[in-house]
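Below is one structure, written out as structure tokens; comments come after it.
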């Protein structure tokens, strides 16, 4: 079955204050898959479940992803990676040229998906 892919780019979410670096990619319109080896602060709510499932392991004060894990949205993924803050996931994930996911949507003519109307 063909896979519907809106944005085809490797993405990164970084918090230099806490030495957190996560990589991922979009699947379809909104699912963001965080890659194995990424680090996260966790969000306190899902930490125990993610540890129990073997998705992450404790690595000092951070969590390390042991396998690729799909989050329902870029915001949900960013919240877990950045420690429960409620960031705009669409602005927290960037490609290798530092364009945000929002900017990538707009550049690809998909601004309507992120609340940007045609100008």
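No lab work stands behind these numbers, since they all come straight from the coordinates. Everything quoted here is computed from the prediction, not taken from an experiment. Note: ideal-geometry Cβ built from the backbone for every residue, glycine included; neighbour counts use all protein chains shown.
Would you mind ranking 71, 80 by Cβ crowding within 10 Å, fewest neighbours first? Write down the numbers at each step before the final one.
On the way: 71 20, 80 26.
The order, fewest Cβ neighbours first, is 71, 80.
Which value in deg cm²/dmol, rounded to the nearest 500, describes the helix-derived mean residue ellipticity at 222 nm for the chain, given -39,500 (n - 2.57) per DSSP H run of n ≥ 4 and division by the residue count? Before the final figure, lay out the partial values.
Numbers: 4 runs with 25 residues, N = 119.
One gets -5000 deg cm²/dmol as the mean residue ellipticity at 222 nm.
Roughly how large, in nm² to one decimal, is the mean projection of the convex hull of the alpha-carbon atoms in the chain?
On the way: hull surface 32.1 nm².
Hull-based average projected area comes out at 8.0 nm².
If you average the sequence gap of Cα pairs under 8 Å that are 6 or more apart and divide by the length of region 1-70, what percent do you get for the contact order? Kindly include the intermediate steps, with their values, before the conclusion.
Numbers: 121 pairs, mean separation 18.5, N = 70.
Dividing the mean separation by the residue count of region 1-70 yields 26 percent.
Just want the ordering: 81, 20, 33, from fewest to most Cβ atoms lying within 10 Å of their own Cβ. Intermediate results must be reported in sequence, preceding the final value.
Numbers: 81 33, 20 20, 33 16.
With the fewest neighbours first, 81, 20, 33 line up as 33, 20, 81.
Determine the relative contact order of the chain: mean sequence separation of Cα pairs under 8 Å and six or more apart, normalised by residue count, in whole percent. Intermediate values should be presented prior to the final figure.
Numbers: 234 pairs, mean separation 27.2, N = 119.
Taking the mean separation of contacting Cα pairs over the length of the chain, I get 23 percent.
Using 0.36 nm per residue, how much length does the chain from residue 95 to residue 49 gain when fully extended, once their Cα-Cα distance is taken away? Let's see the in-between values first.
Working: separation 46, 0.36 × 46 = 16.56 nm, distance 2.90 nm.
Taking 0.36 nm per residue and subtracting the Cα distance, the gain is 13.7 nm.
When the chain is modelled as a GNM with alpha-carbon springs shorter than 10 Å, which of 43, 17, 68 fluctuates the most?
Evaluated over the chain, the most mobile residue of the options is 17.
Taking the Cβ of each residue in 112, 93 as the centre, tally the other Cβ atoms inside 10 Å and list the residues starting with the fewest.
Final ranking by Cβ density, sparse to dense: 112, 93.
Please give the FRET efficiency for residue 108 paired with residue 85, using the beta carbon to beta carbon distance and R0 = 30 Å, rounded to the nearest 0.05.
On the way: r = 27 Å, r/R0 = 0.91.
Plugging the Cβ-Cβ distance into 1/(1 + (r/R0)^6) gives 0.65.
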